[in-house]
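Let me begin by presenting the structure, written as structure tokens, before commenting on it.
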Amino acid sequence: MEYQFERDPHLEVDAISVTVRSRELTRSVQELLTYLDFYQAEAPVIVPIKTADRIEMLKVEELILVEVEGTSLLLETIKGRYLITERLYRFQERLHNPDFVQVSRHALININHLDYLEDGFSGNMTAFLSKNIKTSVSRKYLKDLASRLGL
């Protein structure tokens, strides 16, 4: 990847203009554009979640794991567990936070709570998280996780 800085006196004081050029719209180009979207948008600090009997204000930094359980989502946090009715992809969109990485069809992890990864079965890995929580990382999502970790 090649990148450079060009000074443009015609731009507003705090304005930044970014142009991404490539021969084709490849997966790496799309990942870069997605990263720029995340960079530009502010991630929420608190996410409201609706439980069976109330609405809780969940601090995003306390969220460790989001896992599909039947038709619900199980949210593992520092303070406890919550069961909510929402789709995984919709919850990930609401989080809008690059610290949350999808590790399987049914789970997201907060990489700030990732302690270590260990080899699992048939090329999969197991992610060990805060509070002795563990989840499987499928081969399909391993490359994205490694990229987010800077490996």
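The values are calculated or read from the model by the stated rules, or taken from the named source; none is laboratory data. Nothing here was measured: the structure is a model prediction, and the numbers come from that model. These area figures cover heavy atoms from the full protein model, side chains too; ligands, DNA and RNA do not enter into them. Shrake-Rupley method; radii C 1.70, N 1.55, O 1.52, S 1.80 Å.
Could you work out the relative contact order of the chain, using alpha carbon pairs under 8 angstrom and six or more residues apart, expressed as a whole percent? Show your work: numbers first, answer last.
Working: 194 pairs, mean separation 21.3, N = 151.
It comes to 14 percent, rounded to a whole number.
For the stretch 54-151, what does the alpha-carbon gyration tensor say about shape, rounded, prolate or oblate, given a ≥ b ≥ c as the root eigenvalues, a/c under 1.5 as rounded, and a/b over b/c as prolate?
Cα axes put the stretch 54-151 in the prolate bin.
Classify the stretch 1-61 from the C-alpha gyration tensor, please: rounded if a/c falls under 1.5, else prolate or oblate depending on whether a/b exceeds b/c.
Values: a/c = 4.58, a/b = 1.99, b/c = 2.31.
Judged from the Cα gyration tensor, the stretch 1-61 comes out oblate (a/c at least 1.5, b/c at or above a/b).
For Lys59 and Asp14, calculate 0.36 nm times their separation in residues minus their Cα-Cα distance, and state this gained length in nm to one decimal.
On the way: separation 45, 0.36 × 45 = 16.20 nm, distance 3.00 nm.
Fully extending the segment from Lys59 to Asp14 adds 13.2 nm.
Add -39500 (n - 2.57) for each DSSP H run of 4 or more in the chain, then divide by its residues: what number comes out at 222 nm, to the nearest 500 deg cm²/dmol? Provide the component values of the computation, followed by the final result.
On the way: 3 runs with 32 residues, N = 151.
After summing the helix terms and dividing by residue count, I get -6500 deg cm²/dmol.
Counting heavy atoms of the protein chains only and a 1.4 Å probe, report the per residue accessible area for the chain as a whole number of Å². Write out the running numbers ahead of the final one.
On the way: 11430 Å² over 151 residues.
Each residue of the chain exposes 76 Å² on average to a 1.4 Å probe.
Treating the angle as unsigned and between 0 and 90°, give the value, to the nearest 10°, between the Cα long axis of helix 27-40 and the longest Cα principal axis of the chain.
80
Let me know the shape class of the stretch 45-96, please: from the alpha-carbon gyration tensor, a ≥ b ≥ c as square roots of the eigenvalues, rounded when a/c is under 1.5, otherwise prolate if a/b is greater than b/c, or oblate. The partial results should precede the final answer.
Numbers: a/c = 1.29, a/b = 1.13, b/c = 1.14.
Since a/c stays below 1.5, the shape of the stretch 45-96 is classed as rounded.
Over the chain, what percent of the accessible surface lies on carbon and sulfur atoms, probe 1.4 Å?
Carbon and sulfur atoms account for 49 percent of the accessible area of the chain.
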